[in-house]
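No value in this document is a laboratory result; all are computed from the given coordinates. Please read these numbers as outputs of a predicted model, since none were measured by experiment. Cβ coordinates were reconstructed from backbone atoms using ideal geometry, including for glycine residues, and neighbour counts include every protein chain displayed.
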Amino acid sequence: MHPKLLKGNLLLFFLVVLGGPLAVVAQTPVTVQMVTTTEDSLLIRRLADTILTDGRAYENLRLLTKTVGARLSGSAGYYKAEKWGQRVLGEASADKIWMQECMVPHWVRGGKDSASCSGLPKDMISGLDVLALGNSQGTGSRGIKAPVVLIHSFDELEQHKDELRGKIVFYNYPFNPLFVETFEAYGDAVRYRAMGASRAAKYGAIGVLVRSMSSSVTNFPHTGALLYNDSFPKIPAFAVGLHDADWLSEQVERDPGGIKVFMRSGAHMMPDTPAHNIIGELKGTEFPDQYITVGGHLDSWDPAEGAQDDGAGCVQSIEVLRALKAIGYRPRHTIRVVLFANEENGGRGGRKYAEAAKDAGEKHLLGLESDNGGFTPRAFTLSLPDEKLAAIQPWIQLLKPYGVYELERGGGGSDVNPMSRQLGATVGELRPDSQRYFEYHHARNDVLENVNKRELELGAVNMAALIYLVDKYGL
């Protein structure tokens, strides 16, 4: 047999039909489900073929990261990214493309953040690798300088509340290594980034340092949004690289009260400004007024290119539409790709999309998000009751060849969760392997070079397969 005859769909036909279901057919009557499963296998193989051989996901990500780069909400980079999104959705042959306006926060870093220590032994390096947290108030051009109080938990903060006035609080709370799923470690630690500034300001602290949300072996600081409590002063807050956090902790423990830190940041908030969700769709043939949404968020933090967070999710979602169109698939329901605005420091794009859909009386079957990086796909979470989740477990056999082994009960990402609250839609997300994500999350090494092309494409294959199955069978 000529080698070319062993490629693509024909090879799958022999493996699945001759080696699989037909072995059962010889012993039992042919059922509709067997035929359907074979058809599904072959169609998903066609989706995989076009994504793995003719796919645009990695090239689209290259263009986003290298020609647009950082794209914080309200920045020039974000508006450039909006144009990129419209262009690539057009190249993917979306039937319709439009912009959906929402007002977003406009936070500006205002130059390079810096921090240094004094009160150290002679000849010891004093500089710290830091980034102001998103939405943080700046220090003013003169900066601030104060003694450091080392804090390991909010309970410890309360124990030392009478010692914090005029001080800089340093939260040194590491990721818990016992959480195998690193998003659980993040969920455990992120409270210090989100609420630490206001909790410290309540007792008179004038600044905050926070150990970066990472278990990386590098020293890159990881930024991310903080949430101020308007009842207390808005004090500046910095993320500190992990090596420097360990070093600073040692110095403060060696000389409690003797180590001072100088912080300088030009960060400030501007008035809210318009931005847009970028939306493309394939019109449904049977139920054009019922919708399946898939997306990622277009904005990123400013220190890097936002390749994993969340350029990967954006290009994977666009690739779903491109692949369905490329194989000539005509969906029963209307499929929308949404590049959401302002996930990082406000979540307003996701809320706007759900609110607009509710106002229009739209029915949404599924909101699926990819915002966990472009790593090897492992599972999908879906907000289904147990009996419905059990009913679709046979789909795992169709996804396993491409790396997904579980359909789990769980929520969606932050951009699609409003669809559950506002519309009653099922929501879910792609769950890739999580071990490397927090090496890059919100840090300056979140660049294209740290995205694996093959892993990125396999995520898109599984997303396209799940969208197809939901479109055909419902939930």
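Quick notes
- Label-to-label distance, residue 112 versus residue 42, with points set 7 angstrom from Cα along the beta-carbon direction: 6.2 nm.
- Of the GluC sites (Glu not before Pro) found in segment 131-199, those in coil by DSSP whose Cβ has at most 12 other Cβ atoms within 10 Å are 181.
- Under 14 Å of direct C-alpha separation, and excluding same-chain neighbours fewer than eight residues apart, residue 112 reaches these aspartates and glutamates: 129, 302.
- Segment 186-207 versus segment 401-475: alpha-carbon centroid distance in Å: 30 Å
- In terms of surrounding Cβ atoms within a 10 Å radius of their Cβ, 282, 178 rank from fewest to most as 178, 282.
- Among the GluC sites (Glu not before Pro) within segment 252-315, those in coil by DSSP and having at most 14 neighbouring Cβ atoms inside 10 Å are 286.
- Between residue 473 and residue 360, the FRET efficiency from the beta-carbon distance, with R0 = 41 Å, is close to 0.95.
- Distance between the C-alpha centres of segment 315-329 and segment 64-119: 23 Å, rounded to the whole angstrom.
- Residue order, fewest to most surrounding Cβ atoms within 10 angstrom, among 287, 170: 287, 170
- Close amide H pairs (under 5 Å, H built 1.01 Å from N) link residue 113 with 132, residues at least 5 positions away or on another chain.
- For segment 388-397, 3J(HN,Hα) computed residue by residue from phi via the Karplus equation (6.51, -1.76, 1.60; θ = phi - 60°) reads 6, 5, 5, 5, 9, 4, x, 4, 4, 5 Hz, glycine and proline entered as x.
- Taking 0.36 nm per residue of separation and subtracting the current Cα-Cα distance, fully stretching the chain between residue 126 and residue 400 would add 93.5 nm.
- With the helix formula -39500 (n - 2.57) applied to DSSP H stretches of n ≥ 4, the chain reaches a computed 222 nm mean residue ellipticity of -10500 deg cm²/dmol.
- Listed by chain and number, the aspartates and glutamates whose C-alpha is less than 20 Å from the C-alpha of residue 202, apart from same-chain residues fewer than 8 away, are 155, 156, 158, 162, 163, 230.
- Note: relative contact order over segment 119-229, using C-alpha pairs below 8 Å and six or more positions apart, is 33 percent.
- 3J(HN,Hα) along segment 409-422, derived from phi through the Karplus expression 6.51 cos²θ - 1.76 cosθ + 1.60 where θ = phi - 60°, amounts to 6, x, x, x, x, 5, 7, 9, 4, x, 5, 5, 5, 8 Hz, with x in place of Gly and Pro.
- Loop trypsin sites (Lys or Arg not before Pro), segment 91-160 (other Cβ atoms within 10 Å of the site Cβ: 13 or fewer; DSSP): 112, 122, 142
- You can think of it this way: the chain between residue 67 and residue 101 has 9.9 nm of extra reach, that is 0.36 nm per residue less the Cα-Cα gap.
- Three-way shape label, segment 110-266, alpha-carbon gyration tensor, a/c 1.5: rounded
- Sequence-ordered 3J(HN,Hα) estimates for segment 110-115 from the Karplus curve with 6.51, -1.76 and 1.60 and θ = phi - 60° stand at x, x, 7, 7, 9, 7 Hz, glycine and proline given as x.
- Difference of contour (0.36 nm per residue) and Cα-Cα distance, residue 156 to residue 93: 17.0 nm
- Set of aspartates and glutamates near residue 122 by C-alpha distance (under 17 Å), chain-local residues within fewer than 8 positions excluded: 250, 255
- For residue 207, the residues whose modelled amide H falls within less than 5 Å of its own, excluding neighbours fewer than 5 places apart on the same chain, are 169.
- Identified option (computed mean projected area of the Cα convex hull in nm²; candidates [x] 19.8; [y] 21.3; [z] 25.8): [z]
- Residue 297 long-range amide H proximity, modeled H, under 5 Å: 314, 340
- Modelled this way, with points 7 Å down the Cα-to-C-beta line, the labels at residue 202 and residue 253 are 2.7 nm from one another.
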